[in-house]
Amino acid sequence: MRNREAARYARWAAAAAGLIVLGVAGVYAKHALWRARALRDAPAAIALGVQQQSAQFSFSKVEQNRTVFTIRASHATEYKDQDRALLQDVWITVYGRDGSRNDNIHTRECSYEPESGAVRCEGDVQIDVANANPAPGKSGAPSVNSLEVKTSNLTFNRNTGEASTPAPVEFQFPAGHGSGVGISYSTSDSVVRVEKSVEFELPASDKTNGMPVSATGSSLEIHRNEHTLFLRGPAVAREGSRELSADTISIELDADYHARRAIAEGHPRIRSSERGATINVAASRLEAFLDAAGGIERVIADGNVSGDRQAAAGTDHFTAAHVEFAMLPEHNLIREMTATGGVTAESHQGSDSRLLKTDALRVTFAAGPANARPGSVAGKAEQQTIESAETLAPATIESKTSSDTTTLSAKRFVAQLGPGGRLDKLLGRDGVEVRRQAGNGAPQSTSAAELVATFGTDGDWSTLEESGDVRIQQGGSQATADRANIVRATDAIRLDGSPVITDSMSRTTAGSVSINQKSGELHATGGVTSTYLATTKADPVNLGTGAAHISADALSGSTASNHVTYTGHARLWQGDSVLDADQIDLWRDDKKLQATGHVVAVFPQVSGPFPSAPGKAGSPASGPTLWKILAPSLTYLSDQGKAHLEGGVIASSSQGSLESRTLDVFLDPSAPAGEAGGGSPGPRTPVAIPAGPGGGQLNRVLALGNVVVRQGDRRGMADQAEYTASDGKFVLSGGQPTLADAASDTTTGHSLTFFVANDTILIDSQEGSRTLTKHRVEK
């Protein structure tokens, strides 16, 4: 019994001891837990350099008893010797001056500078823009007009209430999303501004005809209270192949942020693509109306409207005061264009342009392929071409380059369109008139029965073909031909079919003639012959009597400068005067003629033949005495009646010959009748001689430089020699004049004069003013 009780007592004692141990352990564990919690909840040790730490931070800006914004942080640390604090879990709430806003800027950590008021947040930042009062029935849900912005490296100024960052930005709103670079945000207004490189997109939907709407711009302003976006220029909005650009594009949105009306101002322009061509419309103001499905129903362009169509074939352009485009909204294509108010239609090729003027213009566009159906997108229905174009009244077409203007008018113009709606031909009928102004030259007018203007792949006219009694008038010049061809690339008119060019002084025929419209340059080839009518002494050609004729292989010149050049076997003849050269130039205004290259000139002498020297065999036959002169060049001034030859001159006639460096030939307009007289020694006494051939007769010759004179067997040398046809005498002077004959008799003197008619020689020795007379003795 005692043993059982002793055992039971031992077990109770062991259990009691265990309970005591557990109790003691529990007490110690409880105290250890209390100590751990105390250590955990105790303030952390302040690091070196930290001046103060606080669990919360808050700053509010108040204006007129209204809180504009509040800066809050869950933890703030101020540093010693540094005018800054580190804020964590930062919220900046903007209420606005009117309290209508509830915008929040949130980031994990920011640096705060109390002295300058700058808050710099280098990490990721999120900005939520929302109304202070949500729409009814949507409490706790995101507002339909809320805007979320994500960026980094944000700076907020406590003093100005301005927030900004140069970092990339992403933003999202219920109707779309976008991105940009840099953002500015102010408590002074309710506008969020994305500073540059803005891009945003509205997703495709039934309301956008299955196509997304994208936009780019230099900056973006979002006025959330007005449901309006302002995209600053260069601003571009795109829907499929259609594009709208302007300095500013404002878009009015519905409650779900879908566009219903768009207004473009500041050089607005619409671009649309079709079959490789681009249509552009610009005006002072562009306004587009969209239907509920997002299709464009109507476009109105008002004020200084201009439009163009650009393609590989060229550019077409138009202007008007007011233009309306009726659209096919299911495809956003142009159905018809009606332009009013001083309508002009223009086509460009490079720097050249073509301009159509009329009171009104209507252009109808083809709807597209027959298989296009509602809801189809892209090229399926965008294959638009011009179906017809017509003027509703008589019209004029003006073509311009940088230096000329061409104006066409007719009672009827018919446009023929080629593939892709490209203008191929323009037909003018029933009395076509063409007027061209090239540079500062006189205007040129052309008339013909018909006109065909062809256009190249660049869209500009390339040729004008006129036919049927073609007549061209420019200043005092006229041209006629069966056909005329004007080539824009060369800016020239080509005349074929017996072309004749005339003016008040000349008439030229050739196989073909081309005239440059811009410069007035003239070129003729194929048996060129010009006739210059004799009018006055100041005519550019008066080398002889009657009309002057010039023939050559080719002619070139300018109607503006009145300078023409004959090249290739150039030959001039007028009366008995003849001039052959490689080239003959005429300056009609300067009354100047110049011949160059193998010049051979023949001039009749004023007086008739002289009696031969006594005993001289082979005396010249009766008839005009002709001088033949060879030189590299000849210059003739008609108003002076003087021909100057240089470069080594040889002149010869039955009266003798001359060799010299230069030679001046003086021509009289007519030959006076002589009088009968004797033939005694001394200066020749005039004798009765029949009148010469008329104008342009040689009267006097002056040779200079190493002059050699030959007359019969005489040979004279001097620095200067003068021959007078009316006296029939040579006068040598300058240097040491010397005259020798076949008998080796040499005569010298201050000047030597010998007469061709009677072989009389006068010697001026300047010795007591004595004059010796010598007669040559024939052997």
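The values are calculated or read from the model by the stated rules, or taken from the named source; none is laboratory data. All figures in this text were calculated on a predicted structure; none of them were measured in a lab. A quick note on method: Cβ atoms are made from the backbone with ideal geometry, for glycine too, and the neighbour counts reach across all protein chains shown. Quick note on the areas: whole protein, heavy atoms, side chains included, nothing else; ligands and nucleic acids left out. Shrake-Rupley method; radii C 1.70, N 1.55, O 1.52, S 1.80 Å.
Here are the numbers for the structure shown:
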read-out	value
FRET E, pair S197, S561, Förster distance 51 Å, beta-carbon r, rounded to 0.05	0.30
Heavy-atom accessible area ranking, 1.4 Å probe, most first, across F603, F59	F59, F603
Rotationally averaged projected area of region 231-342 (alpha carbon convex hull; nm²)	7.0
Burial order of peptide ranges 231-238, 113-120 (average beta-carbon count within 10 Å, highest first)	231-238, 113-120
Gyration tensor (alpha-carbon) shape descriptor, region 404-522, a/c threshold 1.5	prolate
Pairwise FRET efficiency - S100 versus A366, Cβ, R0 = 35 Å, nearest 0.05	0.10
Loop-located trypsin sites (Lys or Arg not before Pro) in region 390-481 whose Cβ has at most 11 other Cβ within 10 Å (DSSP)	K411
Debye-sum result for region 450-596 in log10 I(q)/I(0), which assumes one identical scatterer on each alpha carbon, at q = 0.09, 0.12, 0.18, 0.19 Å⁻¹	-0.30, -0.52, -1.02, -1.12
Where K61, K628 fall by accessible area, highest first, once all protein chains stay in place (1.4 Å)	K628, K61
Computed accessible area, E433, all protein chains, 1.4 angstrom probe, square angstrom	110
Quotient of Cα Rg and 2.2 N^0.38 Å for region 713-753, N being how many residues it contains	1.12
Theoretical FRET efficiency, 1/(1+(r/R0)^6), r = Cβ-Cβ of D359 and S657, R0 56 Å, to 0.05	0.10
Cα-projected label distance for E297 with E265, points at 7 Å along beta-carbon direction, nm	2.4
V414 versus A393: modelled label distance in nm, points set 7 Å from Cα along the beta carbon direction	2.4
Pairwise label distance in nanometres, A326 with D745, each label 7 Å out on the Cα-Cβ vector	11.4
